[in-house]
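The values are calculated or read from the model by the stated rules, or taken from the named source; none is laboratory data. Quick caveat: nothing in here was measured; it's all calculated off a predicted structure. Here Cβ is always computed from backbone atoms with ideal geometry, including for glycine, and neighbour counts include all displayed protein chains.
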């Protein structure tokens, strides 16, 4: 199974972190449910299992969690009370199973999908540049344009954060990450005077945004891994 899930630091404040077995089980659920729609056959009837859902039985979850079925049922009831999952029976009789739906599943997939989207855009840009290079001979007059193109290209998150820290060393890294993800989600665009505009020079745009970002209360920005 490939891909990533995104976990916010705030989960440390959640009760699920107080129980290592529950926390491990929750992470396993996030990595096990469908990341895209699929289907299963129960008896003679086909059921669609959507993104963020799983059709594993309680016994199967128990085997994966290394818990008893009773302990799994208790765990799922706690998650239901917190509105973290929805549980219902799919099918009838011996041709039935438990359908688990993780609420707000997209929040846990956002980071990985923005990475995939950014990588896809980067690949398209590279292919375009390679295609252009086949029929064009560049000269020294294009050096200035090449520098500008570097600033137009979508940077990696690490490059984005490093540049932000170079201009505002104490800036809150979490705010920088959120800004990067927001621009990616908006197809590398910003809203100016009510209009959506493509970012032409990300360094300039970021510099204009940094004054509105908060700073860390203590100097920890350089110690936070990207």
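Here's the yes/no breakdown for (1) surrounded by 12 or more Cβ atoms within 10 Å (Cβ to Cβ); (2) out of contact with any strand residue (DSSP E or B) (no Cβ under 9 Å at 6 or more places or on another chain); (3) touching a residue at least 24 places away in the same chain (Cβ under 8 Å):
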{"residue": "18", "(1), (2), (3)": "no, yes, no"}
{"residue": "27", "(1), (2), (3)": "yes, yes, no"}
{"residue": "34", "(1), (2), (3)": "yes, no, no"}
{"residue": "39", "(1), (2), (3)": "no, no, no"}
{"residue": "53", "(1), (2), (3)": "yes, no, yes"}
{"residue": "56", "(1), (2), (3)": "yes, no, yes"}
{"residue": "69", "(1), (2), (3)": "yes, yes, no"}
{"residue": "80", "(1), (2), (3)": "yes, no, no"}
{"residue": "104", "(1), (2), (3)": "no, yes, no"}
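All of 76, 65 fail the test of being under 16 Å from residue 24 (Cα atoms) and in contact (Cβ under 8 Å) with a residue 40 or more places away in the chain, apart from 65.
Of the candidates 115, 90, the single residue that is outside any helix (DSSP H, G or I) and either modelled with pLDDT of 95 or more or surrounded by 14 or more Cβ atoms within 10 Å (Cβ to Cβ) (or both) is 90.
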